[in-house]
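> Got a structure for you, questions after.
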Amino acid sequence: MKLLLIHPPSREVYDKFERKQIDRMPIGLAYIAAVGEQKGWEVEIIDAEAMRYSLGDIEREISRLQPDVIGITCTTPLYPIAAKIAKIAKAINPQIKTILGGPHINAMPEDSLSKSPMVDIVVFGEGEATFSELLDYLKRGGMKPNIRGVGYHNNKAIVLNTPRSSIADLDSIPFPARHKFPIEKYYDPDRYNTPYTLMVTSRGCPYNCIFCGSSVTWGHHIRFRSADNVLNEIGEVINKFGIHNITFSDDTFTLGKKRVIDICKGIIERGYDIEFLCSSRINTIDEKRLEFLAEAGCKEISFGVESGDEEILKTISKHIDLNKVKPVFDMVKSFGIKVHSSYIIGNPGDTHETIEKTINFAIESGTDAAQFSISTPYPGTTLWNMALKRHKLKTLNFSEYKWYYSVVANLSEVSDEDLIDYQREAYRRFERSRNASVQNKPKTLQLKY
Ligand code: B12
Ligand code: SF4
């Protein structure tokens, strides 16, 4: 049985966006590919994004490969393209079973099916265990899977089975099937000189920021992989693929102090020569963690700050103390680690004044790099519910849900046009201020453990 997994071409959505694009391995699909291999399926991949494939190229590849099952991953802005790909597949061969999964499907399984008659099945929630069962079922030729975490068309109705509880032991999941992906194509030129890979060491986030869709897939209970399991994957990445650059895409990599230190100690003791980036929160980082992170090869840490106004931070449930931000950034930089921070323009209640405060805060914080997004209500988030309740959703064309130069629900006190101007202006002013600033010198490291 042949399984074809597809990462849709996001350039179709993001073309208008003038900033540099980075190619990243679709790590969720790589986990799903590993499940396919474990189940003995022949697995093929089309990373249409990395291969710069158009929909025409994808059509050609589907015809050539003639899979039994196609699985497509999608975030919200990629859902319309994912649905188009399912339609293309069905036109080539109606016997091909089309399955959608990914963050958008996790939030809107029923809607995704009802809008796309050419999608046979959706998988929602954490994918591995569900997909594993589903592959067995499809091998037996069934089309109405009574499997948790799955939805499907049943004549004119839609059946949505009960959700599946999360996988208790993350160490039991096979490593992502990186060997199936065009690994040499994943570049982040501003950060690394050679190809890099993503890696996930935990799932879930205990916080509850109103704009965030993480808990839609992973819930609020955080699960960690063991340090040993993570270290073995790092070893595989180095020894099997020759990759020495890793971006940890955990929501908050620095949660769980002992575990973070254990991972770093392991990297040092095993002599792994890597550079890595990770994420943190203002309240989950300290000197001890930084000592180990720096020694293990950490080059950059990203922080979500989101607003320079205390009241707005309360509104969006981002529980951080703005007074601590600059001291934390200074501390991180004193270890020779760069700081990246992100900000949202157009939060509920944002005014000209609070947006100005946010841009100025970013500039004065000393962050080395900044991301300014336009507030976007992703399905399943509290912000989405607020937008619905206040009748503020302007469109259900999901390709518009993309943070950049697009306002799909405005809950601020500022016009759409001004929000878009502020986003451009924020980048312009930030770049200008960085060009004028001087880099901090790293502190000498002395590790004791
Ligand atoms: C790192 C990250 C990125 C990175 C890299 C993503 C990558 N290449 O993997 C970058 C910076 C590129 C990025 C971009 C964007 N991101 Co992002 N990202 C994340 C983050 C923090 C981690 C992603 C990750 O590593 N996931 C781990 C893998 C294992 O999870 P997964 O992909 O969801 O896959 C699992 C299941 O969903 C399912 N599954 C997935 N695909 C499939 C396919 C099939 C067939 C099946 C059966 C199952 C299945 O099984 C997988 C294993 O359990 C998440 C938050 C989070 N913790 O999930 C946000 C998150 C996914 N991103 C989000 C958003 C909004 C975006 C952008 C749309 C923002 C923008 N710029 O406009 C873009 C979309 C880009 C695109 N091309 O789709 C939202 C998604 C919400 C939504 N409804 O779509 C999230 C949840 C964060 C948030 N703030 O809400 N992101
Ligand atoms: S934005 Fe970050 S801290 Fe807030 S809920 Fe999402 S993952 Fe957690």
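> Considering each residue of the range 107-144, count those that are small (Gly, Ala, Ser) and assigned to a loop (DSSP other than H, G, I, E, B), and give that number.
Filtering the range 107-144 for residues small (Gly, Ala, Ser) gives 107, 112, 114, 116, 125, 127, 129, 132, 141-142.
Adding the requirement that they be assigned to a loop (DSSP other than H, G, I, E, B) leaves 116, 125, 127, 141-142.
The number of residues fulfilling the criteria is 5.
> Would you confirm whether any residue within the range 144-161 is within 24 Å of residue 25 (Cα to Cα) and modelled with pLDDT of 95 or more?
Checking the range 144-161: not a single residue is within 24 Å of residue 25 (Cα to Cα) and modelled with pLDDT of 95 or more.
> Can residue 217 be described as within 16 Å of ligand 1 (Cβ to nearest atom), within 22 Å of the chain's Cα centre (by Cα) and free of Cβ contacts under 8 Å to residues at least 40 places away in the same chain?
No; evaluated as a whole, the condition is false for this residue.
> Quick one: residue 83 ticks every box in (1) within 9 Å of ligand 1 (Cβ to nearest atom); (2) under 21 Å from residue 57 (Cβ atoms) except a single one, so which number is it?
Unmet condition: (1).
> If you don't mind, there's one more thing I want to ask. Going by the structure shown, is residue 139 surrounded by 15 or more Cβ atoms within 10 Å (Cβ to Cβ), closer than 24 Å to residue 63 by Cα and in the same structural domain as residue 38 (by TED's automatic domain parsing)? Even if it seems obvious, please write down each step before you answer.
Values: surrounded by 15 or more Cβ atoms within 10 Å (Cβ to Cβ): no; closer than 24 Å to residue 63 by Cα: yes; in the same structural domain as residue 38 (by TED's automatic domain parsing): yes.
It is false that residue 139 is surrounded by 15 or more Cβ atoms within 10 Å (Cβ to Cβ), closer than 24 Å to residue 63 by Cα and in the same structural domain as residue 38 (by TED's automatic domain parsing).
> Can you tell me which residues in the range 219-243 are within 16 Å of ligand 2 (Cβ to nearest atom) and not in a loop (DSSP other than H, G, I, E, B)?
223, 224
> Taking the condition modelled with pLDDT of 95 or more and under 20 Å from residue 306 (Cβ atoms), does residue 337 pass? First the steps, then the outcome.
Details: modelled with pLDDT of 95 or more: yes; under 20 Å from residue 306 (Cβ atoms): no.
Considered against the rule, which asks whether it is modelled with pLDDT of 95 or more and under 20 Å from residue 306 (Cβ atoms), residue 337 comes out as no.
> Select from the range 324-361 the residues that are of a type outside the set (Val, Ile, Thr) and within 14 Å of ligand 2 (Cβ to nearest atom) and write down the one among them that is surrounded by the most Cβ atoms within 10 Å (Cβ to Cβ).
Filtering the range 324-361 for residues that are of a type outside the set (Val, Ile, Thr) and within 14 Å of ligand 2 (Cβ to nearest atom), the one surrounded by the most Cβ atoms within 10 Å (Cβ to Cβ) comes out as 347.
> While we're on this one: Tell me which strands (runs of 3 or more DSSP E) are completely within the range 149-218 and hold 1 or more residues being among the polar types (S, T, N, Q) and surrounded by fewer than 20 Cβ atoms within 10 Å (Cβ to Cβ), or say none if there are none. Before you say what the answer is, go through the steps one by one.
Numbers: elements: 150-154, 157-160, 197-199.
In the range 149-218, the matching strands (runs of 3 or more DSSP E) lie at 150-154.
> Which of the helices (runs of 4 or more DSSP H) contained wholly in the range 251-323 include at least 3 residues that are touching a residue at least 24 places away in the same chain (Cβ under 8 Å) and away from ligand 2 (no atom under 16 Å from the Cβ)?
On the way: elements: 257-269, 287-296, 310-315.
The helices (runs of 4 or more DSSP H) meeting that bar are 257-269, 287-296.
> Looking at the range 99-110, can you tell me whether even one residue there is surrounded by fewer than 18 Cβ atoms within 10 Å (Cβ to Cβ) and under 23 Å from the mean Cα position of the chain (by Cα)? Let's see the steps before the verdict.
Initial filter on the range 99-110 (surrounded by fewer than 18 Cβ atoms within 10 Å (Cβ to Cβ)): 110.
Applying the additional criterion that residues be under 23 Å from the mean Cα position of the chain (by Cα) yields 110.
The answer is yes, given that some residue of the range 99-110 is surrounded by fewer than 18 Cβ atoms within 10 Å (Cβ to Cβ) and under 23 Å from the mean Cα position of the chain (by Cα).
> Restricting the range 336-357 to residues that are among the β-branched types (Val, Ile, Thr) and over 15 Å from residue 411 (Cβ atoms), which is farthest from the chain's Cα centre (by Cα)?
Narrowing the range 336-357 to residues among the β-branched types (Val, Ile, Thr): 337, 339, 344-345, 351, 354-355.
Add one more test, that the residue is over 15 Å from residue 411 (Cβ atoms), and what stays is 337, 339.
Values: 337: 22, 339: 19 Å.
Checked the range 336-357; the qualifying residue farthest from the chain's Cα centre (by Cα) is 337.
> May I pose another question? Is one or more of the residues making up the range 381-404 modelled with pLDDT of 95 or more, of a type in the set (Val, Ile, Thr) and in a helix (DSSP H, G or I)?
Within the range 381-404 (the criterion being modelled with pLDDT of 95 or more, of a type in the set (Val, Ile, Thr) and in a helix (DSSP H, G or I)), the answer is yes, since at least one residue qualifies.
> A further question on this structure: Restricting the first residue to the range 197-210 and requiring it to be assigned by TED's automatic domain parsing to the domain that holds residue 279 and within 28 Å of residue 181 (Cα to Cα), which pairs with a second residue that is part of a strand (DSSP E or B) and within 11 Å of ligand 1 (Cβ to nearest atom) meet a Cβ separation below 7 Å and a spacing of at least six or different chains?
Listed by first residue and then by second, the contacts come to 198/247; 199/248; 201/248.
The values are calculated or read from the model by the stated rules, or taken from the named source; none is laboratory data. Just so you know, these numbers come straight off a predicted model, no measurement behind them. Virtual Cβ from ideal backbone geometry, glycine too; neighbours counted across all protein chains shown.
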